[in-house]
Amino acid sequence: MKKLLILACVSMLTTLLMAGGNTSSNLSPVEEISKTPCKTDKVYVESDVKLMWQDQAYTDAEDGAYKREHSVSKAGKFRHAMNYCRALNYAGYGDWRLPTSGELTHIHDKQFNPFFYSRGSDFWSSTPTTANRYYVVYTADAHPYKRKPNESNYIRCVRCAE
């Protein structure tokens with residue numbers, strides 16, 4: 001047993017010596033961690049038309065829902081999009097709605113992307129087309145396209161800013 005204890009001590013001392021054995025207290029200071037979350041909820045106010053847009057981070061679950069034709073929060077089928085915006089309580093307001101295709105085209109037809117959180121994909125509008133389809137607006141080119149209501153697209157809600 002004595003041999004085992006001596007072997008353990010020698011082994012530990014050897015490890016300390018090989019690792020440098022620096023036991024000085026000159027360590028780098030620890031950086032303070034910010035108290036504000038990385039992803040905060042935002043709004044974008046489009047002052048020329050007096051609209052307030054939801055600008056909220058998209059989650060992995062929403063990206064997955066979009067890709068798999070499911071409905072989760074800010075991604076989903078048309079009926080889910082309508083219900084999501086109607087029920088949304090965000091930034092202290094409860095009067096959100098799904099935007100029209102004209103409103104979506106106008107906001108994405110700018111030289112810059114006004115949103116902090118965005119996706120280069122289709123977003124639902126409340127504007128109906130023919131044959132039981134609704135317009136979506138593709139953010140990369142700001143053009144409306146017809147989609148079936150059972151397809152999954154991203155959702156961004158809007159409200160009057162007055």
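If you check 91, 81, 75 for being out of contact with any Asp or Glu (no Cβ under 7 Å at 6 or more places or on another chain) and small (Gly, Ala, Ser), only one passes: 81. In the range 93-108 there is at least one residue matching the filter, namely being modelled with pLDDT of 95 or more, touching a helix residue (DSSP H, G or I) at 6+ places or on another chain (Cβ under 8 Å) and surrounded by fewer than 19 Cβ atoms within 10 Å (Cβ to Cβ).
In the range 135-156, the qualifying residues are those that are surrounded by 15 or more Cβ atoms within 10 Å (Cβ to Cβ) and touching a Leu at 6+ places or on another chain (Cβ under 9 Å), and the one that is modelled with the lowest pLDDT is 139. Of the residues making up the range 109-129, those that are modelled with pLDDT of 90 or more and polar (S, T, N, Q) are 121, 125, 126, 127, 129. The criterion of at least 1 residues that are within 25 Å of residue 160 (Cβ to Cβ) and either of a type in the set (Val, Ile, Thr) or touching a Cys at 6+ places or on another chain (Cβ under 7 Å) (or both) is met by the following helices (runs of 4 or more DSSP H) wholly inside the range 36-134: 78-87, 101-108.
Using the structure shown, decide if residue 159 is basic (Lys, Arg), crowded, with 16+ Cβ neighbours inside 10 Å and part of a strand (DSSP E or B). Answer is yes for this residue.
The values are calculated or read from the model by the stated rules, or taken from the named source; none is laboratory data. Note that the structure is predicted; figures quoted are calculated from it, not measured. Positions of Cβ are generated from backbone atoms using ideal geometry, with glycine treated the same way; all protein chains shown enter the neighbour counts.
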